[in-house]
Amino acid sequence: MSANADEKQLVKHTTCYMCACRCGIRVTLNEEGKVRYIQGNPDHPLNKGVICAKGSSGIMKQYSPARLTRPLKRKEGAPRGDGQFEPISWEEAFDILEKRLAHLRATDPKKFALFTGRDQMQALTGLFARQFGTPNYAAHGGFCSVNMAAGMIYTIGGSFWEFGGPDLERARVFMMFGTAEDHHSNPLKTAISEFKRRGGRFISVNPVRTGYSAIADEWVPIRPGTDGAFIMAMMKVLIDEGLFDRDFLVEYTNAAQLVREDDGKIARDDNGGPLWWDEASEGVVPFKTEGAQPALEGAYRLSDGSVARPAFELLRERLAECTPQWAEEITGIPAADIVRLARELGETALHQAFELPIAWTDSWGRRHETVTGRPVAFHAMRGLAAHSNGFQTIRAFSLLLTLLGTIDRPGGFRHKAPYPRPIPPGPQIMTKPEDVQPNTPLNGAPLGSPASPDDLFVDENGEPLRIDKAFSWEHPLSLHGLMHNVITNAWRGDPYKIDTLLIFMANMAWNSTMNTAEVRKMLNDRDENGEYKIPFLVVCDAFQSEMVAFADLVLPDTTYLERHDCISLLDRPISEYEGPVDSVRIPVVEPMGECKPFQEVLVELASRLKLPAFTREDGSRKFKDYPDFVVNFETAPGSGIGFLAGWRGKDGSKAIRGEPNPKQWEMYEKNGCFFAYHMPKEHHYMRNWNRGYLEWAHEMGFIAKSDPIVIHLYSEILQDFRLAAQGKRPGKQPPERLRKRIETYFDPLPFFYRPIEVQLSDTEKYPLAAVTQRPMAMYHSWDSQNAWLRQIHTYNYLYMSPELGRKHGFEDGDWVWVESMHGKVRVQCRFSQAVEPGTVWTWNAIGKNAGAWNLTPEANESTQGFLLNHLISEELPAHEFGEHISNSDPVTGQAGWYDVRVRVYPAKPDEEKRTWPRFKADKPVPGEPRRPDVVAYFAGKRR
Amino acid sequence: MTQLALVIDLNVCVGCHACVTSCKEWNTSGSAGPMPDDRPYDHDPSGVFFNRVQTFEVGEFPHAETIHFPKSCLHCEDPPCVPVCPTGASYKREEDGIVLVDYDKCIGCKYCSWACPYGAREFDEHGKVMKKCTLCVDRIYDDSLPESERLPACVMACPAKARIFGDVHDPDSEASRMIRENHGYQLMPEWGTQPANHYLPRHIRGGQTETS
């Protein structure tokens, strides 16, 4: 039987975008060009042929009735937020933008703010912002998992997901902390399955048992926001019982380096090199002195008379009070379990170690005949990250991996190119008001990683210069910005007013914002002159999200099947442990209506505004379109580094670095739309200190220098911020009100503290933690418009322990109120045994505003579905450090989504059995496809 | 005699629903399609799916387990849906044991769905015919596909590799081996239907203390 062979079908390759995982896909089109089938590309290194529920439902996204298909302008005189639009031409849209932005660029470029969601093209959006000259740019990282990135990058020089992961092929024990399913998706599912089948033991630490945790051999139901205590107690057990990799600590970390007691700085010799205390010679020797016996413990007097102690000793001292009993009180995990789990990790790492016969040479010139494997792997993401204590928790987590000696070793954590990178990795950001000038590119990158207080972007009073207050003393290491505060700050005019806010692919009027109801008011709020407080709002999206209604100008983006894209090494690539990998999207169908890829919009605008990188010396435009830009753009003239690493050089014969190749897109297409570089075996491990690898990575432009990347068990960088706060360091100083905050949270050693929102909550009144989980069949708010996926999650419940419900007098399925100090939501409850009893939870972003996404106003998403966002504030209550401090990690500005405390109580019998709060229904906009009453999708010839 | 079937490993299934929508995507435009969706953008949307994942909990906190349980037609060796069919539309193939519905003969009486103890049949209200899993019979013998892809769509998609397709009568097949080695079981054997599809149970690996 061959039902399909007789059709004239066309098969094309591209890259999925139904979530952030970015699997390779193969798309079969029927003879009319309709999508017949989307399957995983079996040759693709990431997903190897598999595909998830979302990826398999791409057809329903492509033909969704929620698609925006025409540029739209808010009708003259119509109030913002009413969804009254008139269609305009692209020419008019570009004209409006060009005039407005050219004026801002010539007068005050920071009045233009560009913030994007999970856009997968930050290399381009970042370049645009920098060339425009505005510091007010970021993507969604600040409200996603920047703690994970920053905590690990500032400790081990790498991080999870795109830049590193667990080596489940060789691990025997795998411990996973809260991880959203797309971080990452299919490869992790496959790896966990194969790991289990090989006999590995999977331990999941999570307040909720869903998703990956469902198949864990052991579930550790931790209280939200307490992971730091759990990890610190395990570290204490490991150290007390000698279950740590002493040699690894000495050789590859700063554990044995001496820290001065007087200023908390690492003791250095005249050349600036760190020092060890050599027990053999009873004196100081330079770090890595051959034959020395460096001390990990004790206190020693230096030649200048001051006292110094090894960093490890300070860590041990820090852990002294972190007993399993202490952690049990905080986490709810029995002390005996903490001890048992710590021993299991330590004993597996030490006693089941193995050697791989791979010879390599370290940065100090020593040759090693083998690589040591330690078969204990971890994975973690948002569960640790989305708390205001996440940075220090992740510092602790990184040190747990370090104690076990599992960094870039077989069976443990492994890096992915372009990581590891120096600590911190850079780039240099702008640091002073003068770095922002009219008609001039920004002097520095809009996002980077400060190495010291002097890298902060603050004015002479130490006050913020970015609209989101990133890189200020409020959140110094806010590597990904603070998108969650942009609207509130812009509305308040704090630190200043802006003119135009361009939001790409982020639903900031609904599920992507905290404090949703108030933020919706801010978007519409006017000043005393009747002018909108945020004067001009541009929204670029492919779909009619809740944000669209608030736009003054709507730009219809394409779907992933209609566009060119790069999954670039300059952004967040899809590298494998064994080498860099990048990939592309190439259109497989024509854009619907007048949809235009956002990249084309940016290239067009950049050309019209004559941004230098997009303009020839004679003033003419440099790039015809986005594909042309991708081929020909180089990070610096002649650098040979561009957006794509594959098939560079004039004839495509060079990898990673080489001249532009005019046939690069064709070569990607021929290879199934990805490029995978395979490194030699001797570069597969120990890359922080692997000379061959580091020299190659430097040559490829991944790192600015090839020095070894020594693990920061003790963070001198954090200590520098603390010294500034204590007034003991020259250079930039925090404002007085923030000194104590910086001094407290910039501890050079990890510590556990209650999340800040919890510290400021009445936990007698609001005793419960409330968190969200991301369902595997939905990507954020994106898939309620998807006829197939919305049948899997049509609405959401608030899940909780049955005892909790009964204590408050309600039963499974009842309508209840869930209330925080900031607001309340009426929801339906569902009793569950698979949740820590002090926690309630729900699926993220299933609730929708009535009428949004071209659903009917009676769709379950808006009548029974709900958001927890109404309970969560974007700002902390006024407290000692200020009135409008972001509800975020004080180090990184990571949004504290999971810190809210709530109570639950039954709805009254006469109350409506519907979700509350409710808002005015959104209406379809001009150009949206008709919403059918029945879908009976069939692409092909009917028999 | 060949009996094709699916072996579903509950020990690795994370409940991602890839099998659910990849099935729908393949089959709605395939020989068993279309698979209509009513009220697709309205309240209580309801569509035809040949494969669904049910999720339930077992045990009490803190020893509770969350089980994701994918279910489709089990292609019984003695399928109760076949003898009840008044027109012969519901039939079991001699050559490979797949249970199919001939839409041209089906009069939509629904006897088969009442007879099926597993609730595995799906009625198409628009075509007025009964539909169900075909084990992607329009893929597995399609010699225009590479041999490695002559598999049911759900098996190709499954990221956890929790679905094994093969001949459960052939003791050397991977499917038979997995059943043998992992305590594979049939669903509700007391009904005597002898489902060809098998499930592999959860098994917990070490470590858990009795202290808590």
Sole exception among (1) in contact (Cβ under 8 Å) with a residue 12 or more places away in the chain; (2) out of contact with any Pro (no Cβ under 6 Å at 6 or more places or on another chain); (3) more than 27 Å from A:Met776 (Cβ to Cβ); (4) more than 12 Å from chain A (Cβ to nearest Cβ) for B:Val99, by number: (2)
Neighbours by Cβ (under 7 Å, 6+ apart or cross-chain): first from segment A:211-226, closer than 22 Å to A:Ser185 by Cβ and not assigned by TED's automatic domain parsing to the domain that holds A:Ala777; second among the basic types (Lys, Arg) and not in a helix (DSSP H, G or I): A:Asp217/A:Arg201; A:Asp217/B:Arg205; A:Trp219/A:Arg209
Tell me yes or no: at least one residue of segment A:685-697 is out of contact with any Pro (no Cβ under 6 Å at 6 or more places or on another chain) and in a loop (DSSP other than H, G, I, E, B). yes
Please state which of the following conditions A:Arg198 fails to meet, knowing it meets all the rest: (1) within 14 Å of chain B (Cβ to nearest Cβ); (2) touching a Gly at 6+ places or on another chain (Cβ under 9 Å). (2)
Just checking, which of A:Arg22, A:Arg26 is of a type in the set (D, E, K, R) and either surrounded by fewer than 24 Cβ atoms within 10 Å (Cβ to Cβ) or within 11 Å of chain B (Cβ to nearest Cβ) (or both)? A:Arg26
Which numbered condition in (1) away from chain A (no Cβ under 11 Å); (2) acidic (Asp, Glu); (3) within 30 Å of A:Lys189 (Cα to Cα) is the only one that B:Glu65 fails? (1)
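Determine whether A:Lys54 is within 14 Å of another protein chain (Cβ to nearest Cβ) and either crowded, with 22+ Cβ neighbours inside 10 Å or farther than 28 Å from A:Gly141 by Cβ (or both).
On the way: within 14 Å of another protein chain (Cβ to nearest Cβ): yes; either crowded, with 22+ Cβ neighbours inside 10 Å or farther than 28 Å from A:Gly141 by Cβ (or both): yes.
Spelling it out, A:Lys54 is indeed within 14 Å of another protein chain (Cβ to nearest Cβ) and either crowded, with 22+ Cβ neighbours inside 10 Å or farther than 28 Å from A:Gly141 by Cβ (or both).
Listed here are the residues, each with its yes/no results for (1) surrounded by fewer than 18 Cβ atoms within 10 Å (Cβ to Cβ); (2) in contact (Cβ under 8 Å) with a residue 24 or more places away in the chain; (3) more than 21 Å from A:Lys521 (Cα to Cα); (4) among the β-branched types (Val, Ile, Thr).
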{"site": "A:Arg903", "(1), (2), (3), (4)": "no, yes, yes, no"}
{"site": "A:Pro906", "(1), (2), (3), (4)": "yes, yes, yes, no"}
{"site": "A:Trp916", "(1), (2), (3), (4)": "yes, yes, no, no"}
{"site": "A:Ala921", "(1), (2), (3), (4)": "yes, yes, no, no"}
Residue that is farthest from A:Pro929 (Cα to Cα) [pool: residues in segment A:848-889 that are more than 14 Å from every other protein chain (Cβ to nearest Cβ) and part of a helix (DSSP H, G or I)]: A:Leu871
Segment B:1-46, residues that are at the interface with chain A (Cβ under 7 Å from one of its Cβ atoms), surrounded by 24 or more Cβ atoms within 10 Å (Cβ to Cβ) and outside any loop (DSSP other than H, G, I, E, B): B:Ala18, B:Val20, B:Thr21, B:Ser22, B:Lys24, B:Glu25, B:Trp26, B:Thr28, B:Asp37
Give just the number: which of (1) buried (at least 18 other Cβ atoms within 10 Å of the Cβ); (2) more than 26 Å from B:Asn11 (Cα to Cα); (3) acidic (Asp, Glu) does B:Glu77 not satisfy? (2)
Residue among B:Gly127, B:Gly166, B:Gly184, B:Gly119 that is within 17 Å of B:Cys76 (Cα to Cα) and either touching an Asp or Glu at 6+ places or on another chain (Cβ under 7 Å) or within 9 Å of another protein chain (Cβ to nearest Cβ) (or both): B:Gly166
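One line per residue, one yes/no per condition, for (1) touching a Lys or Arg at 6+ places or on another chain (Cβ under 6 Å); (2) surrounded by fewer than 23 Cβ atoms within 10 Å (Cβ to Cβ); (3) farther than 26 Å from A:Pro748 by Cα:
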residue	(1), (2), (3)
A:Ala320	no, yes, no
A:Gly332	yes, yes, yes
A:Ala335	no, yes, yes
A:Ala342	no, no, no
A:Leu350	no, yes, yes
A:Thr406	yes, no, no
With respect to the numbered conditions (1) surrounded by fewer than 21 Cβ atoms within 10 Å (Cβ to Cβ); (2) free of Cβ contacts under 8 Å to residues at least 60 places away in the same chain, which one is the sole condition not fulfilled by B:Cys116? (1)
For segment A:785-821, name all the residues that are over 20 Å from A:Val900 (Cα atoms), within 14 Å of chain B (Cβ to nearest Cβ) and assigned to a loop (DSSP other than H, G, I, E, B). A:Gln785, A:Asn786, A:Ala787, A:Trp788, A:Ile792, A:His793, A:Thr794, A:Tyr795, A:Asp812
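Anything in segment A:571-608 that is of a type in the set (A, V, I, L, M) and surrounded by 21 or more Cβ atoms within 10 Å (Cβ to Cβ)? List them, or say none. I'd like the intermediate steps shown before the answer.
Let us first name the residues in segment A:571-608 that are of a type in the set (A, V, I, L, M), namely A:574, A:581, A:584, A:586, A:588-589, A:592, A:601-603, A:605-606.
Result: A:Ile574, A:Val581, A:Val584, A:Val588, A:Val601, A:Leu602, A:Val603, A:Ala606.
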Can you work out which of the residues in segment B:157-190 that are aliphatic (A, V, I, L, M) and under 20 Å from A:Lys196 (Cα atoms) is surrounded by the fewest Cβ atoms within 10 Å (Cβ to Cβ)? B:Met178
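Please count how many residues of segment A:890-902 are part of a loop (DSSP other than H, G, I, E, B) and either of a type outside the set (A, V, I, L, M, F, W, C) or within 14 Å of chain B (Cβ to nearest Cβ) (or both). Show your work before the answer.
First, the residues of segment A:890-902 that are part of a loop (DSSP other than H, G, I, E, B): A:890-894, A:896, A:900.
Adding the requirement that they be either of a type outside the set (A, V, I, L, M, F, W, C) or within 14 Å of chain B (Cβ to nearest Cβ) (or both) leaves A:890, A:892-894, A:896.
Summing the residues that are part of a loop (DSSP other than H, G, I, E, B) and either of a type outside the set (A, V, I, L, M, F, W, C) or within 14 Å of chain B (Cβ to nearest Cβ) (or both) in segment A:890-902 gives 5.
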Just give me the residues in segment A:617-655 being touching a helix residue (DSSP H, G or I) at 6+ places or on another chain (Cβ under 8 Å), under 22 Å from A:Arg585 (Cα atoms) and assigned to a loop (DSSP other than H, G, I, E, B), in sequence order. A:Phe623, A:Asp625, A:Phe633, A:Gly642, A:Phe643, A:Leu644, A:Gly646, A:Trp647, A:Gly652
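Considering only residues that are over 19 Å from A:Leu296 (Cβ atoms) and in a helix (DSSP H, G or I), which ones fall in segment A:704-724?
Going through segment A:704-724, the residues over 19 Å from A:Leu296 (Cβ atoms) turn out to be A:704-709, A:717-724.
Answer for segment A:704-724, where residues must be over 19 Å from A:Leu296 (Cβ atoms) and in a helix (DSSP H, G or I): A:Ile717, A:Leu718, A:Gln719, A:Asp720, A:Phe721, A:Arg722, A:Leu723, A:Ala724.
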In segment B:141-163, what residues are within 10 Å of another protein chain (Cβ to nearest Cβ), part of a helix (DSSP H, G or I) and out of contact with any Phe, Trp or Tyr (no Cβ under 7 Å at 6 or more places or on another chain)? B:Ser148, B:Glu149, B:Cys154, B:Met156, B:Ala157
Where the second residue is basic (Lys, Arg) and part of a strand (DSSP E or B) and the first is within 14 Å of chain B (Cβ to nearest Cβ) and lies in segment A:822-840, which pairs have Cβ atoms under 6 Å and are six or more apart or on separate chains? none
Within segment A:88-100, is there a residue that is farther than 30 Å from A:Tyr714 by Cα and either crowded, with 20+ Cβ neighbours inside 10 Å or touching a Cys at 6+ places or on another chain (Cβ under 7 Å) (or both)? yes
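How many residues, within segment B:164-180, are among the small types (Gly, Ala, Ser) and not in a helix (DSSP H, G or I)? Please lay out each step first, then the result.
Narrowing segment B:164-180 to residues among the small types (Gly, Ala, Ser): B:166, B:173, B:175-176.
Filter again for not in a helix (DSSP H, G or I), leaving B:166, B:173.
Residues flagged as among the small types (Gly, Ala, Ser) and not in a helix (DSSP H, G or I) within segment B:164-180 amount to 2.
Of all residues in segment A:411-446, which are of a type in the set (A, V, I, L, M, F, W, C) and in contact with a Pro (Cβ under 9 Å, 6 or more places away or on another chain)?
Start the filter on segment A:411-446 by keeping residues that are of a type in the set (A, V, I, L, M, F, W, C), which leaves A:413, A:417, A:423, A:429-430, A:436, A:442, A:445.
Once the filter is applied, which keeps residues that are of a type in the set (A, V, I, L, M, F, W, C) and in contact with a Pro (Cβ under 9 Å, 6 or more places away or on another chain), segment A:411-446 yields A:Phe413, A:Ala417, A:Ile429, A:Met430, A:Val436, A:Leu442, A:Ala445.
Might you let me know whether segment B:47-58 holds any residue that is within 7 Å of another protein chain (Cβ to nearest Cβ), assigned to a loop (DSSP other than H, G, I, E, B) and surrounded by fewer than 24 Cβ atoms within 10 Å (Cβ to Cβ)? Explain how you work it out, then say what you get.
First, pick out the residues of segment B:47-58 that are within 7 Å of another protein chain (Cβ to nearest Cβ): B:47, B:57.
Applying the additional criterion that residues be assigned to a loop (DSSP other than H, G, I, E, B) yields none.
No, segment B:47-58 contains no residue that is within 7 Å of another protein chain (Cβ to nearest Cβ), assigned to a loop (DSSP other than H, G, I, E, B) and surrounded by fewer than 24 Cβ atoms within 10 Å (Cβ to Cβ).
The values are calculated or read from the model by the stated rules, or taken from the named source; none is laboratory data. Bear in mind the structure is a predicted one, so any value in this text is a computation, not a measurement. In this analysis, Cβ positions are derived from the backbone assuming ideal geometry, glycine residues included, and neighbour counts consider all displayed protein chains.
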